[in-house]
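Each value in this text was obtained by applying a stated rule to the coordinates, not by laboratory testing. On a predicted model such as this, the values are computed, not experimentally measured, just so you know. Cβ coordinates were reconstructed from backbone atoms using ideal geometry, including for glycine residues, and neighbour counts include every protein chain displayed.
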Amino acid sequence: MNYIVLVKQVPDIKNIPNEAWDWEKGTLKRGLLDNVCNELDKQALTFALRMKEKHNGQTVSLTMGPPFAEEVLRYSLSIGADVGVLLTDRKLGGADTAATAYPLAQAIRKIEKEIFNGDKNYVIVSGMQSVDGDTAQVPPQIAEGLGIVHIAYATSFSFDNGNLRVERITRRGTETVTPENYPCMVTVTEWTQPLNASFSRTRWAYSQKLYQWSAADINADESHIGLTGSRTAVVRIFSPKEAIQRNCVFESDLGKLVRMLKESYTSKLEPAEEEEETPKYHLPEGKKSDYKGDIWIYAEQEGGEINPASFELLGKAIELASPLDEKVGAVLVGKDIKGLSKELIAYGADKVYIAEHELLENFLPVPYTKAASELIEKYKPQMMLFSATPLGRELAPRVAYRTSSGLTADCTGLDIVDFKRGDREFTGVLRQTRPALGGNIMASIITQNSTVQMSTARPGVMQALKPDNGRTGEVFEYAPRITESDLGARIVSAELHQLTSELKDAAVIVAGGSGCKTREGFDKCIPSLAESLGRFLGQEAMVGASRLAVESGFIDRSHQVGQTGQTVKPRVYVAAGISGAVQHLTGMQNSDIILAINKDPNARIFKVADFGIVGNLEEIVPELIKALNSQGA
Ligand SMILES: Cc1cc2nc3c(=O)[nH]c(=O)nc-3n(C[C@H](O)[C@H](O)[C@H](O)COP(=O)(O)OP(=O)(O)OC[C@H]3O[C@@H](n4cnc5c(N)ncnc54)[C@H](O)[C@@H]3O)c2cc1C
């Protein structure tokens, strides 16, 4: 078995020098940041090298970038890769994810032919996403370009009689998946400590000749690369301060902190001052929008249950459809799912498109992409929104690539605009706003030269409407052309957990993380703090947890908050011993008031908190309970 590892040189966003901030514009001067190897790609490299220990073969490290990106290849060789390939050409610059995936897929074909001598028995491994783009779109789009399966969110692997088995994270738990054919693509999440380089191996790495290929060497069609091949364009960059306005107040006097918390809680209960209404969009007199067709959402269902994030998408789709005078459609893919159309209509869908098939019982990226893309080709919507859930982030990139559509990941804002760029005018197009560079900047993006404008939207940000069971809509049934050979992979086993809905509706949540250290530590601090805080605020409080706390066995999965847990929006959220990983923040950052307790003053959770206590939670929590009990009395 051979291995190709995709590595990327990225700006070091963990160490941003002061002079790199443009304080006036609120943006970052990217050129002033150091360049490092993307952390998850280091993990991918380690993952591949560990596989190679079990099944010997060649490991090729592949990167696309400017000539100085060869540094990440030298690093790869020093860790254990055998060959380095640098894809470099000015023509490849300025590419979005599709225009990055296409030349990388071409380079992989050339590696197969010229380095592996036509042997198809190889695995492509990459980090799930890079810290600069944070889109997680390139690996699935490469897989779509190559027509192969990808297994995302991989956490470990094993070989069973020579067959690769990959364990991966899903929203509902974990599953073990085995590819049916090779090559296949595996994308890795946090996995293990990256390997270290020895001095002699590093010397060897710097003495090696690297392959250096241009766009012509990989036979690239110039209409698919660089700026010309990009289907999305960044039209504005601005400071996240305009979007998220939280300034953490650190307070070590817990009596004072409790009073401030109460004041803030009470003031948020009072009716907010009339907010200035953003003017509603109207198409300019006599003009038509650039794109035509309905506004679609992908209704994510697993096990016959619709993810509530899909109802939020419907709420947004109605808002976007109204000024364009278009209808709202929802796409459902799966087995035995017809019954779900009523619910989608109640939440605002005018039309429901159902792609049902025996082989679509469980989510697998290749057949689901085929089914959704066939519907798009048949009915031609102008927009399609997916939720930025693990499933949505696996499916949307492939559907976008297959249908020649631009896709923007993890949007927190979507609206319709007209604008001018150079001598090109855009009318009635979708503006997609999202955080970038680890949340350090915000970017607004539009789709160009595309069949459909596509976005994934962060769950918990858009508003679902109240369901109206009296609503009526049209249902279209479609039989997708799927065969066994389309599956690409098989789910060997799955460990599912039940999601409860109670946390989602809680007014007060106290959540504990791995900082609680043990189950006893969690039990001692978190439920008692929840009880006291609930009593103090006159609300019932519930217990939440980070994924690591759940995986460490502190509490069961139904309490997990975050991307693969529940999205919550309580009036007060307390995060105790939680670092603030983006997957956790996704599930709770829209809470009205956030209080964080952490011993690390630089923990990311403080960036989204209103109140912060720095210290050891074993000491702080009993003191805080005392302060709550005495002030509430
Ligand atoms: C696909 C995918 C989906 C995921 N989904 C989720 C999800 O839904 N929800 C989720 O939470 N995570 C999710 N994760 C995992 C996420 O990336 C983080 O690993 C996880 O959130 C970390 O949990 P934590 O903050 O409890 O632990 P850590 O990151 O280990 O942080 C522990 C924190 O506790 C602090 N601490 C330690 N000791 C003390 C003490 N004595 N007193 C005070 N503070 C202390 C530390 O300073 C640190 O900040 C997902 C990851 C992936 C790849």
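Tell me which aspartates and glutamates have Cα within less than 13 Å of residue 52's Cα, excluding those fewer than 8 residues away on the same chain?
82
Calculate the length of the line joining the C-alpha centroid of region 460-483 to that of region 601-621, in whole Å.
42
Separation of region 392-445 and region 67-144 by C-alpha centroid, Å?
24
Based only on other Cβ atoms within 10 Å, what is the fewest-to-most ordering of 85, 166?
Listing 85, 166 from fewest to most nearby Cβ atoms yields 85, 166.
Just need the relative contact order of the chain here, percent rounded to a whole number, with Cα pairs under 8 Å and 6+ apart. Could the numbers behind the result be given before it?
Working: 1448 pairs, mean separation 88.1, N = 633.
Reported relative contact order: 14 percent.
Could you list 32, 6 in order of exposure, starting from the residue whose Cβ has the fewest other Cβ atoms within 10 Å? Spell out each step's value before the answer.
Working: 32 14, 6 26.
Least crowded to most crowded, the residues run 32, 6.
I need the phi-derived Karplus couplings for region 539-549: 6.51 cos²θ - 1.76 cosθ + 1.60, θ = phi - 60°, integer Hz, Gly and Pro marked x.
10, 7, 9, 10, 9, x, 7, 7, 5, 5, 4
State to the nearest 20 debye the size of the charge dipole of the chain about its Cα centre, where the only charges are +1 on K and R beta carbons and -1 on D and E beta carbons. Present the calculation step by step, with values, prior to reporting the outcome.
Values: 70 positive and 81 negative charges, 210 e Å.
That gives the chain a dipole magnitude of about 1000 debye.
Assuming R0 = 30 Å, what is the FRET efficiency of residue 287 and residue 449, from their Cβ-Cβ distance, to the nearest 0.05? Before the final figure, lay out the partial values.
Numbers: r = 20 Å, r/R0 = 0.66.
Rounded to the nearest 0.05, the efficiency is 0.90.
Determine, from the Cβ-Cβ distance of residue 280 and residue 472 and an R0 of 30 Å, the FRET efficiency 1/(1 + (r/R0)^6), rounded to the nearest 0.05. Write down the numbers at each step before the final one.
On the way: r = 26 Å, r/R0 = 0.87.
That pair, residue 280 with residue 472, gives E of 0.70.
Using DSSP, restrict attention to beta bridges with both residues in the chain and report what percent are antiparallel, rounded to the nearest 5. It would help to have the intermediate numbers written out before the result.
On the way: 44 of 120 bridges.
Counting only bridges with both partners in the chain, antiparallel ones make up about 35 percent.
In nm, to one decimal, how far is the residue 120 label point from the residue 540 one, both placed 7 Å along Cα→Cβ?
5.7
Could you pull the Rg and Dmax for the chain, using just the Cα atoms, both in Å?
24.8, 78
Considering only Cα-Cα distances, which of the following residue pairs are longer than 22 Å: 280/316; 268/316; 256/626; 292/378; 292/420?
Values: 280/316 14 Å; 268/316 25 Å; 256/626 13 Å; 292/378 14 Å; 292/420 19 Å.
As for pairs spanning more than 22 Å Cα to Cα, those are 268/316.
Okay, which of region 346-381 sit inside 16 Å, backbone N to the point 7 Å along the Cα-Cβ direction of residue 305?
362-363
Taking H as built 1.01 Å from N, whose amide H comes closer than 5 Å to the amide H of residue 431, not counting residues under 5 places away?
415, 416, 417
Cut-off under 18 Å on the C-alpha distance; same-chain residues fewer than 8 positions from residue 209 excluded. Which lysines are left, in chain and number order?
Cα-Cα hits under 18 Å: 110.
Obtain the nm distance between the two label points defined at residue 493 and residue 325 by a simple spin-label model: each point lies 7 Å from its Cα along the Cα-to-C-beta direction.
5.9
What FRET efficiency comes out for the pair residue 379/residue 246, r = Cβ-Cβ distance, R0 = 41 Å, nearest 0.05? Could the numbers behind the result be given before it?
Working: r = 42 Å, r/R0 = 1.02.
Plugging the Cβ-Cβ distance into 1/(1 + (r/R0)^6) gives 0.45.
In what order do 552, 76 fall by count of nearby beta-carbon atoms within 10 Å, going from fewest to most?
Working: 552 17, 76 28.
So the ranking, lowest neighbour count to highest, is 552, 76.
Provide, in order from the shortest bin, the percent of all Cα-Cα pairs of region 328-414 in each 5 Å bin, continuing until the bin that contains the maximum pair distance.
All Cα pairs considered, the percentages come to 3, 13, 24, 26, 23, 9, 1, 0.
Based on the alpha-carbon set only, what is the convex hull volume of region 522-633 divided per residue, in Å³?
Numbers: hull volume 10.4 nm³, N = 112.
Cα-based convex hull of region 522-633, divided per residue, equals 93 Å³.
Testing the spin-label approximation: label points 7 Å from Cα along Cα→Cβ at residue 234 and residue 528. State their distance in nm.
Between residue 234 and residue 528, the label points sit 4.9 nm apart.
What value, in deg cm²/dmol to 500, does the helix sum -39500 (n - 2.57) over DSSP H runs of n ≥ 4 give at 222 nm once divided by the residues of the chain?
Numbers: 15 runs with 176 residues, N = 633.
Rounded to the nearest 500, it is -8500 deg cm²/dmol.
Enumerate the whole-percent occupancy of each 5 Å bin, from 0 to the last occupied one, for all C-alpha pair distances of region 67-219.
All Cα pairs, binned at 5 Å, distribute as 2, 8, 15, 19, 21, 19, 11, 5, 1, 0 percent.
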